[in-house]
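Readers should treat all values here as calculations from the given coordinates under stated rules, not as data from a laboratory. For clarity, every value in this text was computed on a predicted model and none was experimentally measured. Note: ideal-geometry Cβ built from the backbone for every residue, glycine included; neighbour counts use all protein chains shown.
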Amino acid sequence: MKNHLLLCLLILFLLSETGIAGNKASYILNGTKMVDSRGNVINAHGGGFLKQGKYYYWIGENRRNGVFVSCYRSSDLINWEFRGDLLTKNSHPQLDKANIERPKIIYNSTTRQFVMWMHYEYGGDYSFARAAVAVSPDLEKPFRFIKSFRPLGNMSRDCTLYKDTDGTAYFFSSARENYDMIQYELTDDYLDIRTQIATLWPGGHREAPALFKRGNYYFIITSGCTGWAPNQAKYAFSTKITGPWSDLKDIGDKTTYKSQPTFVLPLDGNKTFSYIYVGDRWDGENYYNSTYVFLPLVFVNDSTPVLKWAPAISPNPKSGKIKLKNIIDK
Ligand code: GAL
């Protein structure tokens, strides 16, 4: 009897150490392939997150079997359920030979449409350098592809969307062969560019933008341009979304813990407000072996974020707290 009890305790301990207790994971193990509730690998690279009711949605690149963008949801940010493919090569004639990267979605409460912006390429190389837009009234259902284009004639590759607290939306993308990062304001329906706000750090060669706001400060985290190979991420801050932005400062280690930014996820809990940096750990040899890192962004003062390494994290969306497992400060 005593032996049985010991065995049960040992099994429970082992399950909790692997993060799988009662069929549910209790933490995100960074740099490993994450699986959804069906046991399938989560395909959502270069992705973005959106909170709708009690669910967090994770939308990102799929790249398998003609699927470009897939959608997952979770109430705990750890256990993800596949909800559907939002864009495939059959969604529009312009997508038959397309390559779609870094899809991001925001909700337009006036038109009641979810609007997706993404990096669009066609035919196997990166020479199209366009943005593209798609919409859907339902975040879990296929999106209607509207168009691909060069914003105000500018090349557009790595990109992100940001919806400000007043509802104004902005698109940031790498232009001029990735030398410049351009910030645009979108039209009220979010389907087009209204105006070019600024060229950030002209000639600075920045990619992989991720925007967020904390208190009175806006932050933008970007990577350098080394293709799939990771490099030192940098951040800038501003008290206005329209700038001026501070100089770029290093964040994380020399390889951003072997990752490239894709999103910063705010956790607005009842105990605290915290931020999770989400990055892609690309495998440049085999894209399909790429993984993710979810890391806590902490603040030493209002304008100084610090990116910590943790092998695993346990976010609690209710409280807003993030537990770190075996944290190693690098
Ligand atoms: C990265 C970019 C990725 C992908 C890759 C291709 O710099 O962030 O989204 O385009 O280059 O080499």
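Annotations
- Backbone N atoms of region 251-292 closer than 16 Å to the 7 Å Cα→Cβ label point of Val300 belong to residues 251-254.
- Rough spin-label spacing in nm, given labels placed 7 Å along Cα→Cβ, for Lys213 and Ala198: 1.5 nm
- Estimated inter-spin distance, Thr110 and Lys254, nm [label 7 Å along Cα→Cβ]: 4.9 nm
- Amide H to amide H, with H built 1.01 Å from N, Phe299 comes under 5 Å of Val306, counting only residues 5 or more places away or on other chains.
- In this structure, the pairs whose alpha-carbon distance is over 32 Å, taken from Lys249/Lys325; Lys33/Lys213; Lys51/Lys249; Lys97/Lys323, are Lys97/Lys323.
- Couplings for region 291-296, taken from phi via the Karplus curve 6.51 cos²θ - 1.76 cosθ + 1.60 with θ = phi - 60°, read 10, 10, 10, 10, 10, x Hz in order; Gly and Pro are left as x.
- Karplus-derived 3J(HN,Hα) values for region 58-65, using 6.51 cos²θ - 1.76 cosθ + 1.60 with θ = phi - 60°, are 10, 10, x, 5, 9, 6, 10, 6 Hz; glycine and proline are entered as x.
- Computed from backbone phi, the HN-Hα couplings of region 25-31 come to 6, 10, 7, 9, 9, 5, x Hz, rounded to whole numbers (Karplus: 6.51 cos²θ - 1.76 cosθ + 1.60, θ = phi - 60°; Gly and Pro given as x).
- Translational diffusion coefficient (Stokes-Einstein; Kirkwood radius from C-alpha pairs) of the chain at 10 °C, 1.306 mPa s, in µm²/s: 78 µm²/s
- Tilt relative to the chain, helix 2-17 - C-alpha long axis, 0 to 90 degrees, to 10: 10 degrees
- Cut-off under 5 Å, modelled amide H: who pairs with Gly47 long-range: Glu61
- Summary of packing: across the peptides 40-47, 275-282, 151-158, 199-206, the per-residue average of other C-beta atoms within 10 Å ranks them, highest first, as 275-282, 40-47, 151-158, 199-206.
- Peptide packing for 298-307, 54-63 was compared via the average number of neighbouring C-beta atoms within 10 Å per residue; ordered from the highest value, the list is 54-63, 298-307.
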